[in-house]
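Presented below is the structure to which this report refers.
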Amino acid sequence: MTTEAEITTLAEPAAVLWDLDGTLVDSERLWREAEFEFLESKGLPWSHEAGKRLVGGSLDIASDVIAEVTGVRFTVEELKEGLMGIFFRKLTEGIPWAPGALDLVSAVAAAGAPQALVTSSEREVAELVAEAAGGRFAAIVSRGDVDRPKPDPEPYRRAVGLLGLDAGECLAFEDSRAGVTSAAGAGVRVVAVGAEHPGAFASVPALDRLEVRPAAGVPSLVIRR
């Protein structure tokens with residue numbers, strides 16, 4: 001695991017790939033509210049502990065976990081219409097950006113490096129966030145764009161391909177173990193945000209600890225002490 005002091009010289013990527021939920025957007029609260037609202041409307045029990053098992057996962061995983069906890073299985077389409085519908089409504093009421101997230105996206109764009117969103121959320125959510133960020137993403141890979149979501153490497157392989165770059169030239173930011181596994185498996189250097197995860201080459205406590213400095217045409221990511 002690379003230390004924070006070393007990240008300055010290592011993190012000079014040709015492109016930056018961002019996870020959405022929990023990394024760029026502090027969406028866990030909105031997801032918990034949506035889960036409780038959706039399941040309570042069905043007369044089913046739910047808990048914050050159960051909700052933690054959905055973090056970083058897809059609707060396929062949510063279907064399995066909800067079935068295990070409640071004894072009722074919802075199809076992905078039912079969850080997309082119900083659970084995702086509630087979450088999307090809450091998101092349109094105000095995107096809870098993670099501290100420092102928008103500043104970093106803007107600074108990477110100003111440095112001239114392309115960026116991509118790589119998320120297990122549906123495209124409608126990703127496009128809403130991308131628009132709110134000023135259209136600074138050259139590519140979006142959402143759940144519907146891949147056959148195998150995170151932790152499989154397919155989402156990051158697709159993003160790298162859309163940008164026309166080699167995986168080793170790119171840097172990803174992920175907050176979950178599934179996301180780190182996905183990026184690392186695709187050959188992308190990945191920084192774990194908020195906690196250390198196996199496979200990450202570095203970790204940062206939060207995005208607002210980072211700043212971007214142009215370096216030979218690429219963004220050099222520097223941790224403020």
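You can think of it this way: the chain between Arg89 and Asp103 has 2.6 nm of extra reach, that is 0.36 nm per residue less the Cα-Cα gap.
Stretching the chain fully between Asp147 and Lys52 yields a gain of 31.8 nm (0.36 nm per residue, less the alpha carbon separation). Using the Stokes-Einstein relation with a Kirkwood hydrodynamic radius computed over Cα pairs, the translational diffusion coefficient of segment 87-160 at 10 °C and a viscosity of 1.306 mPa s comes to 121 µm²/s.
Loop-located GluC sites (Glu not before Pro) across segment 61-107 with a Cβ neighbour count of 16 or fewer within 10 Å are Glu93, with loop assigned by DSSP.
When Kirkwood radius over Cα pairs in Å is calculated for this entry, the matching label among (i) 17.7; (ii) 25.6; (iii) 20.4 is (i). Please find, in a Gaussian network model of the chain (springs between Cα atoms separated by less than 10 Å), the residue of Ala15, Ala133, Ala67 whose mean-square fluctuation is greatest. The residue that fluctuates most here is Ala67. Ellipsoid semi-axes for segment 28-92, based on the Cα gyration tensor and the rule √(5λ), read 16, 13, 12 Å when sorted largest first.
With 0.36 nm allotted per residue and the present C-alpha distance subtracted, the Ala206-Thr75 stretch has 43.7 nm of extension available.
Between segment 124-148 and segment 9-62, the C-alpha centres lie 15 angstrom from each other.
Rule-based calculations on the coordinates, nothing more; no lab input. Quick caveat: nothing in here was measured; it's all calculated off a predicted structure. For neighbour counting, all protein chains shown are included, and Cβ atoms are generated from backbone atoms with ideal geometry for every residue, glycine included.
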